[in-house]
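The values are calculated or read from the model by the stated rules, or taken from the named source; none is laboratory data. What you are looking at is a predicted structure, and each value in this text was computed from that prediction instead of being measured. Backbone-built Cβ (ideal geometry, glycine too); neighbour counts: all protein chains shown. Note: areas computed on protein heavy atoms with side chains; ligands, DNA, RNA excluded. Shrake-Rupley method; radii C 1.70, N 1.55, O 1.52, S 1.80 Å.
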Amino acid sequence: MNITFPHLGNTFIAAKVLFDALDVEYTIPPISTKKTLEIGCLHSPDDICLPFKIMIGNYIESIERGADTVLITGSCGPCRFGEYCELQKKVLMSLGRQINFIVIDEPSKIGIKEFLNRLSSVAKDSRLSTYKKIKALNMALKAINLIDEIEKECRFFAGYEKNKGEFSKLLKDVKREAIESKGAEGTLKVLENYKDKVDRIEIDNFKTPIKIGIIGEIYTIIDSLSNLYIEDILMNLGVSTKRTLYPSWWVKNTALSALKINRSPIYKEAKHYLGMCIGGHAQECVGEAMLNYKMGFDGLIQIFPVGCMPEIVSKAILPDIEKRYNIPILSLVVDEMTGEAGYYTRIEAFLDLIEGRKRMCI
(Lines give C-alpha, C1' and ligand atoms only; values in the text may rest on other atoms or scores of the structure.)
Protein backbone atom coordinates (compact mmCIF):
# COMPACT_ATOMS: atom_id res chain seq x y z
CA MET A 1 0.00 0.00 0.00
CA ASN A 2 1.33 3.42 -1.02
CA ILE A 3 -0.75 6.19 0.54
CA THR A 4 -1.32 9.65 -0.86
CA PHE A 5 -3.69 12.49 0.07
CA PRO A 6 -4.88 15.85 -1.28
CA HIS A 7 -2.93 18.97 -0.37
CA LEU A 8 -4.64 21.06 2.30
CA GLY A 9 -2.50 23.71 3.90
CA ASN A 10 0.13 22.21 6.18
CA THR A 11 -1.36 18.71 6.37
CA PHE A 12 1.38 17.33 4.13
CA ILE A 13 3.93 17.98 6.91
CA ALA A 14 1.84 16.18 9.53
CA ALA A 15 1.26 13.32 7.07
CA LYS A 16 5.00 13.03 6.48
CA VAL A 17 5.62 12.78 10.23
CA LEU A 18 2.85 10.18 10.66
CA PHE A 19 3.91 7.92 7.82
CA ASP A 20 7.62 8.22 8.61
CA ALA A 21 6.90 7.26 12.22
CA LEU A 22 4.69 4.34 11.12
CA ASP A 23 7.28 3.24 8.57
CA VAL A 24 4.70 2.84 5.80
CA GLU A 25 5.07 3.75 2.14
CA TYR A 26 3.57 7.04 1.05
CA THR A 27 3.68 9.65 -1.70
CA ILE A 28 3.37 13.36 -1.00
CA PRO A 29 1.76 14.99 -4.05
CA PRO A 30 3.71 17.87 -5.59
CA ILE A 31 2.65 21.28 -4.29
CA SER A 32 -0.49 22.30 -6.18
CA THR A 33 0.21 24.43 -9.26
CA LYS A 34 -1.66 25.56 -12.36
CA LYS A 35 -0.63 22.25 -13.94
CA THR A 36 -2.38 20.40 -11.07
CA LEU A 37 -5.53 22.41 -11.70
CA GLU A 38 -5.36 21.82 -15.45
CA ILE A 39 -5.14 18.05 -14.88
CA GLY A 40 -8.06 18.17 -12.46
CA CYS A 41 -10.25 20.28 -14.75
CA LEU A 42 -9.57 17.95 -17.67
CA HIS A 43 -10.98 14.93 -15.84
CA SER A 44 -13.62 16.46 -13.52
CA PRO A 45 -17.26 17.39 -14.17
CA ASP A 46 -17.44 20.99 -15.42
CA ASP A 47 -19.88 22.18 -12.76
CA ILE A 48 -18.17 20.60 -9.74
CA CYS A 49 -16.51 22.94 -7.26
CA LEU A 50 -12.86 24.03 -7.41
CA PRO A 51 -11.51 21.93 -4.48
CA PHE A 52 -12.70 18.73 -6.21
CA LYS A 53 -10.75 19.60 -9.35
CA ILE A 54 -7.53 20.40 -7.51
CA MET A 55 -7.81 17.17 -5.51
CA ILE A 56 -8.18 15.11 -8.69
CA GLY A 57 -5.03 16.79 -9.98
CA ASN A 58 -3.24 15.91 -6.70
CA TYR A 59 -4.29 12.26 -6.97
CA ILE A 60 -3.23 11.84 -10.58
CA GLU A 61 0.17 13.43 -9.93
CA SER A 62 0.66 11.08 -6.95
CA ILE A 63 -0.58 7.98 -8.83
CA GLU A 64 2.04 8.68 -11.48
CA ARG A 65 4.60 8.46 -8.67
CA GLY A 66 3.34 5.10 -7.40
CA ALA A 67 0.44 5.84 -5.03
CA ASP A 68 -2.42 3.32 -4.91
CA THR A 69 -4.44 4.47 -1.86
CA VAL A 70 -6.02 7.85 -1.11
CA LEU A 71 -6.52 9.09 2.45
CA ILE A 72 -9.10 11.87 2.86
CA THR A 73 -11.44 13.22 5.49
CA GLY A 74 -15.19 12.87 5.07
CA SER A 75 -18.30 14.90 5.68
CA CYS A 76 -22.06 14.77 5.38
CA GLY A 77 -24.91 17.20 4.95
CA PRO A 78 -25.74 19.74 2.27
CA CYS A 79 -22.08 20.39 1.36
CA ARG A 80 -21.00 18.34 -1.68
CA PHE A 81 -17.74 17.43 0.04
CA GLY A 82 -19.56 14.47 1.57
CA GLU A 83 -19.88 12.98 -1.93
CA TYR A 84 -16.29 13.64 -2.98
CA CYS A 85 -14.88 10.19 -2.31
CA GLU A 86 -17.52 8.36 -4.39
CA LEU A 87 -17.34 10.85 -7.26
CA GLN A 88 -13.55 10.84 -7.22
CA LYS A 89 -13.49 7.03 -7.29
CA LYS A 90 -15.65 7.09 -10.43
CA VAL A 91 -13.42 9.69 -12.09
CA LEU A 92 -10.28 7.66 -11.38
CA MET A 93 -11.94 4.40 -12.43
CA SER A 94 -12.94 6.00 -15.74
CA LEU A 95 -9.23 6.65 -16.27
CA GLY A 96 -8.42 3.01 -15.59
CA ARG A 97 -7.06 3.69 -12.10
CA GLN A 98 -8.06 1.19 -9.41
CA ILE A 99 -7.47 3.25 -6.28
CA ASN A 100 -8.52 2.45 -2.72
CA PHE A 101 -9.98 5.23 -0.58
CA ILE A 102 -9.70 5.50 3.20
CA VAL A 103 -12.23 8.07 4.41
CA ILE A 104 -11.70 9.42 7.94
CA ASP A 105 -15.16 10.65 8.90
CA GLU A 106 -16.21 12.32 12.13
CA PRO A 107 -16.66 9.77 14.98
CA SER A 108 -19.98 11.41 15.81
CA LYS A 109 -21.24 10.49 12.31
CA ILE A 110 -19.92 6.95 11.82
CA GLY A 111 -19.42 5.73 15.40
CA ILE A 112 -16.23 5.29 17.40
CA LYS A 113 -15.76 1.65 16.37
CA GLU A 114 -15.89 2.37 12.64
CA PHE A 115 -13.71 5.44 13.10
CA LEU A 116 -11.02 3.37 14.84
CA ASN A 117 -11.27 0.67 12.15
CA ARG A 118 -10.60 3.24 9.45
CA LEU A 119 -7.70 4.71 11.40
CA SER A 120 -6.17 1.28 11.88
CA SER A 121 -6.40 0.59 8.13
CA VAL A 122 -4.00 3.49 7.54
CA ALA A 123 -1.34 1.64 9.55
CA LYS A 124 -2.13 -1.93 8.47
CA ASP A 125 1.26 -2.27 6.73
CA SER A 126 3.14 -1.03 9.78
CA ARG A 127 4.89 -3.64 11.91
CA LEU A 128 4.97 -1.40 14.96
CA SER A 129 3.23 -2.16 18.24
CA THR A 130 -0.05 -0.47 19.09
CA TYR A 131 1.78 1.76 21.56
CA LYS A 132 4.20 2.96 18.88
CA LYS A 133 1.35 3.55 16.44
CA ILE A 134 -0.37 5.77 19.00
CA LYS A 135 2.93 7.54 19.57
CA ALA A 136 3.22 8.13 15.81
CA LEU A 137 -0.25 9.70 15.78
CA ASN A 138 0.71 11.96 18.69
CA MET A 139 3.83 13.04 16.80
CA ALA A 140 1.72 13.96 13.78
CA LEU A 141 -0.65 15.98 15.98
CA LYS A 142 2.32 17.78 17.49
CA ALA A 143 3.64 18.54 14.02
CA ILE A 144 0.40 20.03 12.71
CA ASN A 145 0.01 22.16 15.83
CA LEU A 146 3.58 23.45 15.53
CA ILE A 147 3.49 24.33 11.83
CA ASP A 148 0.05 25.94 12.10
CA GLU A 149 1.17 28.02 15.08
CA ILE A 150 4.26 29.15 13.16
CA GLU A 151 2.11 30.16 10.20
CA LYS A 152 -0.40 32.02 12.37
CA GLU A 153 2.33 34.10 13.96
CA CYS A 154 4.07 34.80 10.64
CA ARG A 155 0.83 35.89 8.95
CA PHE A 156 -0.22 38.19 11.79
CA PHE A 157 3.12 39.72 12.76
CA ALA A 158 4.14 40.39 9.15
CA GLY A 159 2.45 43.75 9.60
CA TYR A 160 4.67 44.58 12.58
CA GLU A 161 8.08 43.33 11.42
CA LYS A 162 11.02 45.76 11.52
CA ASN A 163 12.80 44.16 8.57
CA LYS A 164 10.34 43.63 5.72
CA GLY A 165 10.06 40.08 4.43
CA GLU A 166 11.53 38.21 7.42
CA PHE A 167 8.32 36.40 8.35
CA SER A 168 7.57 35.53 4.73
CA LYS A 169 11.05 34.07 4.24
CA LEU A 170 10.86 32.11 7.49
CA LEU A 171 7.51 30.59 6.51
CA LYS A 172 8.88 29.41 3.16
CA ASP A 173 12.08 28.09 4.76
CA VAL A 174 10.35 26.07 7.48
CA LYS A 175 8.09 24.28 5.00
CA ARG A 176 10.97 23.51 2.68
CA GLU A 177 13.25 22.22 5.43
CA ALA A 178 10.45 20.20 7.05
CA ILE A 179 9.69 18.33 3.85
CA GLU A 180 13.40 17.75 3.14
CA SER A 181 14.14 16.49 6.67
CA LYS A 182 14.81 12.81 7.42
CA GLY A 183 12.37 10.88 9.58
CA ALA A 184 9.62 11.97 11.94
CA GLU A 185 11.99 13.09 14.69
CA GLY A 186 13.98 15.15 12.20
CA THR A 187 10.87 16.93 10.98
CA LEU A 188 9.72 17.74 14.51
CA LYS A 189 13.16 19.11 15.35
CA VAL A 190 12.98 21.44 12.34
CA LEU A 191 9.56 22.69 13.43
CA GLU A 192 10.67 23.25 17.02
CA ASN A 193 13.74 25.17 15.87
CA TYR A 194 11.65 27.42 13.64
CA LYS A 195 9.11 28.02 16.40
CA ASP A 196 11.98 29.53 18.40
CA LYS A 197 13.13 31.55 15.38
CA VAL A 198 9.67 33.10 14.95
CA ASP A 199 9.76 34.39 18.50
CA ARG A 200 13.17 35.99 17.90
CA ILE A 201 12.17 38.10 14.87
CA GLU A 202 12.06 41.78 15.83
CA ILE A 203 8.72 43.53 15.63
CA ASP A 204 7.67 47.16 16.03
CA ASN A 205 4.72 47.36 18.40
CA PHE A 206 4.17 51.02 17.48
CA LYS A 207 3.14 50.12 13.95
CA THR A 208 -0.56 50.20 13.11
CA PRO A 209 -0.94 47.88 10.12
CA ILE A 210 -4.22 47.07 8.42
CA LYS A 211 -5.63 43.94 10.04
CA ILE A 212 -7.72 41.63 7.89
CA GLY A 213 -9.66 38.53 8.93
CA ILE A 214 -9.76 35.76 6.30
CA ILE A 215 -13.05 33.85 6.44
CA GLY A 216 -14.99 31.51 4.19
CA GLU A 217 -14.93 27.92 2.91
CA ILE A 218 -12.20 25.96 4.68
CA TYR A 219 -10.42 24.45 1.68
CA THR A 220 -10.38 27.68 -0.31
CA ILE A 221 -8.99 29.83 2.48
CA ILE A 222 -6.32 27.26 3.41
CA ASP A 223 -5.20 26.23 -0.09
CA SER A 224 -2.96 28.90 -1.63
CA LEU A 225 -3.65 27.89 -5.23
CA SER A 226 -7.41 28.16 -4.67
CA ASN A 227 -7.24 31.66 -3.23
CA LEU A 228 -4.53 32.86 -5.64
CA TYR A 229 -1.99 33.22 -2.81
CA ILE A 230 -3.95 35.98 -1.11
CA GLU A 231 -2.23 35.60 2.28
CA ASP A 232 1.22 35.86 0.67
CA ILE A 233 0.13 38.97 -1.22
CA LEU A 234 -1.18 40.60 1.94
CA MET A 235 2.01 39.69 3.83
CA ASN A 236 4.11 41.39 1.15
CA LEU A 237 1.92 44.49 1.46
CA GLY A 238 2.56 44.65 5.21
CA VAL A 239 -0.99 43.62 6.16
CA SER A 240 -1.64 41.53 9.27
CA THR A 241 -4.00 38.64 8.59
CA LYS A 242 -5.76 36.12 10.79
CA ARG A 243 -7.89 33.05 10.21
CA THR A 244 -9.15 30.45 12.64
CA LEU A 245 -9.66 27.58 10.22
CA TYR A 246 -6.39 25.66 10.13
CA PRO A 247 -5.97 21.87 9.93
CA SER A 248 -5.06 21.82 13.63
CA TRP A 249 -8.33 23.63 14.41
CA TRP A 250 -10.25 21.04 12.38
CA VAL A 251 -8.66 18.15 14.30
CA LYS A 252 -9.45 19.70 17.67
CA ASN A 253 -12.97 20.70 16.66
CA THR A 254 -13.73 17.24 15.28
CA ALA A 255 -12.47 15.55 18.45
CA LEU A 256 -14.55 17.79 20.69
CA SER A 257 -17.60 17.25 18.48
CA ALA A 258 -17.32 13.53 19.09
CA LEU A 259 -17.39 14.22 22.83
CA LYS A 260 -20.43 16.48 22.33
CA ILE A 261 -18.63 19.44 23.84
CA ASN A 262 -19.43 22.97 22.65
CA ARG A 263 -16.20 23.35 20.75
CA SER A 264 -15.50 27.00 20.09
CA PRO A 265 -16.70 30.57 20.76
CA ILE A 266 -17.23 30.77 17.00
CA TYR A 267 -20.55 28.94 17.37
CA LYS A 268 -21.73 31.20 20.17
CA GLU A 269 -21.01 34.26 18.04
CA ALA A 270 -22.78 32.77 15.02
CA LYS A 271 -25.90 31.77 16.95
CA HIS A 272 -27.79 35.03 16.39
CA TYR A 273 -27.50 34.71 12.61
CA LEU A 274 -27.05 30.99 12.01
CA GLY A 275 -27.97 28.77 14.92
CA MET A 276 -27.57 25.40 13.22
CA CYS A 277 -25.12 23.59 10.96
CA ILE A 278 -26.16 23.80 7.32
CA GLY A 279 -23.10 21.98 5.98
CA GLY A 280 -19.64 23.15 5.10
CA HIS A 281 -18.33 25.93 7.35
CA ALA A 282 -21.04 28.57 7.01
CA GLN A 283 -21.46 28.82 10.79
CA GLU A 284 -17.72 29.26 11.24
CA CYS A 285 -17.66 31.96 8.58
CA VAL A 286 -20.35 34.01 10.31
CA GLY A 287 -18.93 33.37 13.79
CA GLU A 288 -15.43 34.37 12.71
CA ALA A 289 -16.79 37.58 11.22
CA MET A 290 -18.23 38.53 14.59
CA LEU A 291 -15.10 37.50 16.51
CA ASN A 292 -12.82 39.50 14.21
CA TYR A 293 -15.05 42.54 14.60
CA LYS A 294 -14.87 42.26 18.39
CA MET A 295 -11.06 41.91 18.19
CA GLY A 296 -10.83 45.23 16.37
CA PHE A 297 -9.96 44.03 12.88
CA ASP A 298 -10.22 46.62 10.10
CA GLY A 299 -11.93 44.41 7.53
CA LEU A 300 -12.86 40.90 6.45
CA ILE A 301 -12.31 38.96 3.24
CA GLN A 302 -14.60 36.02 2.56
CA ILE A 303 -13.36 33.50 -0.04
CA PHE A 304 -15.29 30.55 -1.41
CA PRO A 305 -15.59 28.52 -4.63
CA VAL A 306 -18.31 29.07 -7.21
CA GLY A 307 -21.45 27.15 -6.30
CA CYS A 308 -20.56 26.52 -2.64
CA MET A 309 -24.04 26.28 -1.11
CA PRO A 310 -23.18 26.86 2.58
CA GLU A 311 -21.02 29.90 1.77
CA ILE A 312 -23.74 31.40 -0.41
CA VAL A 313 -25.90 31.41 2.73
CA SER A 314 -23.19 33.03 4.86
CA LYS A 315 -22.53 35.59 2.10
CA ALA A 316 -26.19 36.61 2.36
CA ILE A 317 -25.74 37.21 6.11
CA LEU A 318 -22.48 39.18 5.96
CA PRO A 319 -23.98 42.44 4.56
CA ASP A 320 -26.07 42.80 7.73
CA ILE A 321 -22.95 42.35 9.87
CA GLU A 322 -21.11 44.85 7.68
CA LYS A 323 -23.84 47.46 8.04
CA ARG A 324 -24.68 46.86 11.69
CA TYR A 325 -21.09 46.83 12.96
CA ASN A 326 -19.51 49.15 10.38
CA ILE A 327 -16.81 46.72 9.26
CA PRO A 328 -15.96 46.43 5.54
CA ILE A 329 -16.37 42.94 4.06
CA LEU A 330 -15.15 41.79 0.66
CA SER A 331 -16.49 38.52 -0.79
CA LEU A 332 -14.33 36.81 -3.41
CA VAL A 333 -15.78 33.89 -5.40
CA VAL A 334 -13.16 31.78 -7.16
CA ASP A 335 -12.94 29.02 -9.75
CA GLU A 336 -10.47 27.92 -12.41
CA MET A 337 -11.57 30.83 -14.63
CA THR A 338 -10.84 33.57 -12.06
CA GLY A 339 -8.69 36.28 -13.64
CA GLU A 340 -5.71 37.28 -11.52
CA ALA A 341 -5.67 40.93 -12.63
CA GLY A 342 -9.26 41.64 -11.64
CA TYR A 343 -8.88 39.62 -8.45
CA TYR A 344 -5.84 41.58 -7.30
CA THR A 345 -7.44 44.89 -8.30
CA ARG A 346 -10.40 44.18 -6.03
CA ILE A 347 -8.07 43.38 -3.13
CA GLU A 348 -6.04 46.58 -3.68
CA ALA A 349 -9.21 48.69 -3.86
CA PHE A 350 -10.47 47.09 -0.65
CA LEU A 351 -7.20 47.90 1.14
CA ASP A 352 -7.35 51.49 -0.16
CA LEU A 353 -10.87 51.78 1.27
CA ILE A 354 -9.72 50.55 4.67
CA GLU A 355 -6.65 52.81 4.63
CA GLY A 356 -8.90 55.79 3.93
CA ARG A 357 -11.20 54.84 6.79
CA LYS A 358 -8.25 54.57 9.17
CA ARG A 359 -6.99 58.01 8.17
CA MET A 360 -10.44 59.48 8.75
CA CYS A 361 -10.84 57.47 11.99
CA ILE A 362 -14.09 55.93 10.80
* Among Ile201, Ser120, Gly213, which residue has its Cα positioned farthest towards the positive end of the charge dipole of the chain, with +1 placed on the Cβ of Lys and Arg, -1 on the Cβ of Asp and Glu, and the dipole taken about the Cα centre? -> Ser120
* Gain in span if fully extended, Tyr131 to Met276, counting 0.36 nm per residue against the direct Cα distance -> 48.3 nm
* What residues of segment 30-51 lie in the reach of a label at Arg97, counting those whose backbone N is under 18 Å from a point 7 Å from the Cα along Cα→Cβ? -> 30-46, 48-51
* Asked: What do you reckon, how do Arg176, Arg200 stack up by accessible area (1.4 Å probe), largest on top?
  -> Arg200, Arg176
* Quick one: helix 130-157 against the long Cα principal axis of the chain, what's the angle to the nearest 10°, folded into 0 to 90? -> 20
* Give the value in nm², to one decimal: projected area of the alpha carbon convex hull of the chain, averaged over all directions. => 17.8
* Taking the Cα centre of segment 142-207 as origin and charging only Cβ (+1 Lys, Arg; -1 Asp, Glu), how large is the dipole, in debye to the nearest 20? -> 160
* Would you mind working out the accessible area per residue for segment 145-214, using a 1.4 Å probe, and quoting it in Å²? => 52
* With +1 on each Lys and Arg Cβ and -1 on each Asp and Glu Cβ, and nothing else charged, work out how big the dipole of segment 33-146 is about its Cα centre, in Debye to the nearest 20. => 580
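For segment 147-230, what relative contact order do you get, as a whole percent, if you take Cα pairs closer than 8 Å and at least 6 residues apart? Don't skip to the end; give the middle numbers.
Working: 63 pairs, mean separation 25.9, N = 84.
So the answer I get is 31 percent.
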* How many percent of the accessible area of the chain is carbon or sulfur, using a 1.4 Å probe? -> 55
* Asked: Where does the chain land at 222 nm, in deg cm²/dmol rounded to the nearest 500, when only DSSP H runs of n ≥ 4 count, each adding -39500 (n - 2.57), divided by all residues?
  -> -17500 deg cm²/dmol
* the chain: angle of helix 11-22 to the longest principal axis, Cα-based, in degrees nearest 10 -> 30
* Structure fact -> In degrees rounded to 10, the 0-90 angle between helix 166-180 Cα long axis and the longest Cα principal axis of the chain is 0
* Kindly state, as a whole number, the per residue volume in cubic angstrom of the convex hull around the alpha carbon atoms of segment 23-151. => 139
* **Geometric extent, Cα atoms of segment 208-362 - Rg, Dmax (angstrom)** => 15.2, 48
* Asked: Put a dot 7 Å past each Cα toward the Cβ at Asn2 and Val306; how far apart are the dots in nm?
  -> 3.5
* Structure fact -> Where a ≥ b ≥ c are root eigenvalues of the Cα gyration tensor, a/c under 1.5 meaning rounded, otherwise prolate if a/b exceeds b/c and oblate otherwise, segment 147-290 counts as oblate
